[in-house]
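Single-structure report; data block below.
The values are calculated or read from the model by the stated rules, or taken from the named source; none is laboratory data. On a predicted model such as this, the values are computed, not experimentally measured, just so you know. All Cβ positions, even for glycine, are placed from backbone atoms using ideal geometry, and neighbour counts span all protein chains on display. What goes into the accessible areas is simple: the full protein's heavy atoms, side chains included, and nothing from ligands, DNA or RNA. Shrake-Rupley method; radii C 1.70, N 1.55, O 1.52, S 1.80 Å.
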Amino acid sequence: MSKVLVFGHQNPDNDAVMSAVVLAQLLNQVEFNGCTYEARALGPLPAESAKLLADAGLPEPMLLDAIEPAAEGEDPQQVILTDHNEPGQSVAGLANAQIVGVVDHHRFGDFTTAAPLTIVAMPWGSSCTVVAKLFEVLGQELTDTQAKLLLSAMMTDTLMLKSPTTTDVDRATAAKLGEQLGVDPVKFGMEVFLSRPSGSFTPEQMVGNDIKLFEVAGKQLLIGQYETVDKTRALGMIPEIREAMRAYQAQKGADGIVLCITDIMEEGSQVLLEGDTAAAQKGLKIEDVADGVWCPGVLSRKKQVAAPILAAN
Ligand SMILES: [Mn+2]
């Protein structure tokens with residue numbers, strides 16, 4: 001029986017982790033295609049994911065560094081990507097793998113495969129919303145643990161359903177899972193969010209914690225997001241954060257880097273730019289100001305930061 005690895009993007013967030021963990025459980029439950037499925041993570045787990053899994057008595061997914069080329073006569077490693085599809089955001093050596101499935105809620109960019117595959121992509125607020133729908137499609141009931149893990153990621157990914165990426169499907173699914181668990185989804189999500197040790201984030205963590213690489217107009221642009229309930233502390237360390245941005249950009253060999261310090265209470269983001277960010281300035285209609293630019297209402301990197309930058313260039 002072949003083993004399929006299921007994993008989310010690099011610098012995993014709670015949605016990347018939970019979509020992989022719960023999707024692997026679902027596919028094992030229904031013995032999908034007669035394979036076995038194992039969740040992996042492409043980096044250290046965010047604090048809230050580690051806590052949720054520990055509370056549920058589940059092991060953390062093992063780290064996956066790279067996919068090696070198949071030995072002669074062997075088939076390539078089969079993989080399912082969750083919460084991403086772009087090779088630049090995926091595992092090193094992805095080209096050595098056979099992608100048999102994608103479960104995602106992002107744009108498709110630079111994505112090709114050698115063989116037919118199963119793709120389930122919906123423009124919903126989280127990949128975990130899509131996974132919840134797959135339980136329905138495959139005729140499976142969610143256990144309370146599965147409901148809790150999925151709901152946690154739906155809430156962190158949509159910033160408590162406030163992000164403009166939130167759809168009616170997310171609201172309805174969150175209400176349904178909340179009902180099963182006997183919790184108010186937003187209150188539950190806030191508890192999950194506050195289990196992050198945000199008060200102790202270093203500038204390096206603020207930059208590298210949740211960052212994705214995009215190719216824009218032939219340039220490599222990193223776009224990071226640091227979510228907090230109080231941006232004051234981060235705004236007091238702008239020079240250190242900028243230094244960490246330059247270091248991260250140099251380490252990744254990117255041309256430019258954008259960091260959104262997103263305050264979920266004040267519902268907006270302070271946007272800092274380093275390096276060659278002409279494309280970002282054009283897309284966001286902002287300039288590279290020392291203290292960054294406050295962008296009210298900007299909560300979604302995907303919809304309000306990456307998409308306008310990609311569209312304008
Ligand atoms: Mn997501």
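Does residue 256 fit the bill of being of a type outside the set (A, V, I, L, M), open to solvent by less than 10 Å² (accessible area, probe 1.4 Å) and under 20 Å from residue 14 (Cβ atoms)? Please lay out each step first, then the result.
Working: of a type outside the set (A, V, I, L, M): yes; open to solvent by less than 10 Å² (accessible area, probe 1.4 Å): yes; under 20 Å from residue 14 (Cβ atoms): no.
No, not satisfied.
In this structure, is residue 93 surrounded by fewer than 22 Cβ atoms within 10 Å (Cβ to Cβ), of a type outside the set (A, V, I, L, M) and under 30 Å from residue 267 (Cα atoms)?
Working: surrounded by fewer than 22 Cβ atoms within 10 Å (Cβ to Cβ): yes; of a type outside the set (A, V, I, L, M): yes; under 30 Å from residue 267 (Cα atoms): no.
Taking the combined requirement at face value, the residue does not satisfy it.
Considering only residues that are touching a residue at least 12 places away in the same chain (Cβ under 8 Å), assigned to a loop (DSSP other than H, G, I, E, B) and open to solvent by 50 Å² or more (accessible area, probe 1.4 Å), which ones fall in the range 213-229?
Residues of the range 213-229 that are touching a residue at least 12 places away in the same chain (Cβ under 8 Å), as a first pass: 213-217, 219-229.
Then keep just the ones that are assigned to a loop (DSSP other than H, G, I, E, B); that gives 217, 229.
Of everything in the range 213-229, just one residue is touching a residue at least 12 places away in the same chain (Cβ under 8 Å), assigned to a loop (DSSP other than H, G, I, E, B) and open to solvent by 50 Å² or more (accessible area, probe 1.4 Å), namely 217.
Can you pull out every residue in the range 90-119 that is more than 16 Å from the ligand (Cβ to nearest atom) and charged (D, E, K, R)?
Selection gives 110 alone.
Scan the range 54-79 for residues that are outside any loop (DSSP other than H, G, I, E, B) and in contact with a helix residue (DSSP H, G or I) (Cβ under 7 Å, 6 or more places away or on another chain) and jot them down.
Our first condition is that a residue be outside any loop (DSSP other than H, G, I, E, B); within the range 54-79, this holds for 54-55, 62-63, 66, 78-79.
Within the range 54-79, none qualify.
Here's a check for you: in the range 50-64, which residue that is under 17 Å from residue 77 (Cβ atoms) and surrounded by 15 or more Cβ atoms within 10 Å (Cβ to Cβ) is farthest from the ligand (Cβ to nearest atom)? Write out each step before concluding.
Filtering the range 50-64 down to residues under 17 Å from residue 77 (Cβ atoms) leaves 61-64.
If we keep only those that are surrounded by 15 or more Cβ atoms within 10 Å (Cβ to Cβ) as well, we get 61, 64.
Values: 61: 16, 64: 18 Å.
Among them, the one singled out is 64.
Would you be able to tell me the number of residues in the range 14-49 that are open to solvent by less than 30 Å² (accessible area, probe 1.4 Å) and acidic (Asp, Glu)?
2
Within the range 125-147, restricting attention to residues that are more than 16 Å from the ligand (Cβ to nearest atom) and not in a helix (DSSP H, G or I), which residue is most open to solvent (accessible area, probe 1.4 Å)?
At the first step, the residues of the range 125-147 found to be more than 16 Å from the ligand (Cβ to nearest atom) are 135-147.
Now drop any that are not not in a helix (DSSP H, G or I), which leaves 138-143.
On the way: 138: 63, 139: 61, 140: 58, 141: 155, 142: 32, 143: 69 Å².
The qualifying residue most open to solvent (accessible area, probe 1.4 Å) is 141.
List pairs: first residue in the range 67-88 and under 25 Å from residue 220 (Cα atoms) and of a type in the set (Ser, Thr, Tyr), second residue open to solvent by less than 60 Å² (accessible area, probe 1.4 Å) and within 16 Å of the ligand (Cβ to nearest atom) anywhere in the structure, Cβ distance under 6 angstrom, at least six positions apart or on different chains.
Going by the 6 Å Cβ cut-off, the qualifying pairs are 82/8; 82/19; 82/20; 82/23; 82/103; 82/127.
Going through the range 250-306 one residue at a time, which ones are of a type in the set (A, V, I, L, M, F, W, C), more than 18 Å from residue 204 (Cβ to Cβ) and assigned to a helix (DSSP H, G or I)?
278, 279, 280, 284, 305, 306
In the range 100-118, which residue that is closer than 29 Å to residue 217 by Cβ and small (Gly, Ala, Ser) is modelled with the highest pLDDT? Can you show your working first?
Just the residues of the range 100-118 that are closer than 29 Å to residue 217 by Cβ, to begin with: 102, 104-114.
After this cut, where a residue has to be small (Gly, Ala, Ser) as well, the list is 109, 114.
On the way: 109: 84, 114: 87.
Per the stated criteria, the residue is 114.
Would you check if residue 152 is more than 12 Å from the ligand (Cβ to nearest atom), at negative phi, under 14 Å from the mean Cα position of the chain (by Cα) and in contact (Cβ under 8 Å) with a residue 60 or more places away in the chain? So that I can check it myself, show each step before the final result.
Numbers: more than 12 Å from the ligand (Cβ to nearest atom): yes; at negative phi: yes; under 14 Å from the mean Cα position of the chain (by Cα): yes; in contact (Cβ under 8 Å) with a residue 60 or more places away in the chain: yes.
The answer is yes for residue 152.
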